[in-house]
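Structure, as structure tokens:
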Amino acid sequence: MRKRNKIRKLLKLPETPEEAFELANELYNNALKTLSESPVENGRYRNIKKVSEACGTAYLAVLRAIEGEMLRRGFSPDEFPENVIEYRKFLRSLPKNGKLIDAFNTVYENLHLFGYYRHGADEAMIKSGFEKAREIINKLTGKK
């Protein structure tokens, strides 16, 4: 068994679209709560640890929402993407995907790269990433 499959079994990935969408919303709400625990001064978050955690969690929420859409379209959890390129490839396969791909790129850049890995603290950048994450989750779950 490949290492990836062992890890996926430990993670208990969602098996239905409903599970995935519920998890996406739960993760997003947890990320918002964590982000709110960091004070903001002069347009910058001051608790970098909380911001990094929140950004990583919000990014994972988006990935779970995409996986929910994949499940809805007949994919199995074993077929979920292994990297960002594969997530983008799936999003490109969806009809009317331009805004969705742009939103995903903003989430990837602002939350995953800058917020989580590079410990970016700019309030506008982080909020923009969170707004786009919410847009993606709402679009894929069918919420307005």
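The values are calculated or read from the model by the stated rules, or taken from the named source; none is laboratory data. The structure presented is a predicted model; accordingly, all values stated were derived computationally and were not measured. Cβ atoms come from the backbone with ideal geometry, glycine included; neighbour counts cover every protein chain shown.
Of note:
- Residue list for the stretch 1-47, filter: of a type in the set (Lys, Arg), surrounded by fewer than 16 Cβ atoms within 10 Å (Cβ to Cβ) and at pLDDT 95 or above: LYS33, ARG46
- Every pair of residues 6+ apart whose Cβ atoms lie under 6 Å, when the first sits in the stretch 22-43 and is more than 15 Å from PHE130 (Cβ to Cβ) while the second is surrounded by 20 or more Cβ atoms within 10 Å (Cβ to Cβ) and of a type in the set (Lys, Arg): LEU23/ARG64
- Among the residues of the stretch 85-117, those that are touching a helix residue (DSSP H, G or I) at 6+ places or on another chain (Cβ under 9 Å) and of a type in the set (Lys, Arg) comprise ARG88, ARG92, LYS99.
- The number of residues in the stretch 105-144 being over 13 Å from GLY56 (Cα atoms) and aliphatic (A, V, I, L, M) comes to 6.
- Restricted to helices (runs of 4 or more DSSP H) entirely inside the stretch 82-144, those with at least 2 residues that are touching a Phe, Trp or Tyr at 6+ places or on another chain (Cβ under 7 Å), surrounded by 14 or more Cβ atoms within 10 Å (Cβ to Cβ) and in contact (Cβ under 8 Å) with a residue 24 or more places away in the chain are 84-93, 123-141.
- Sole exception among (1) under 11 Å from the mean Cα position of the chain (by Cα); (2) under 23 Å from ASN42 (Cα atoms); (3) not acidic (Asp, Glu) for TYR108, by number: (2)
- In summary, LYS50 fulfils each of the numbered conditions (1) surrounded by fewer than 20 Cβ atoms within 10 Å (Cβ to Cβ); (2) touching a helix residue (DSSP H, G or I) at 6+ places or on another chain (Cβ under 6 Å); (3) part of a loop (DSSP other than H, G, I, E, B) with the single exception of condition (3).
- Verdict on VAL62 being in a helix (DSSP H, G or I) and farther than 14 Å from ILE126 by Cβ: yes
- Once the stretch 53-81 is narrowed to residues that are more than 14 Å from LEU23 (Cα to Cα) and among the charged types (D, E, K, R), the residue that is surrounded by the most Cβ atoms within 10 Å (Cβ to Cβ) is GLU53.
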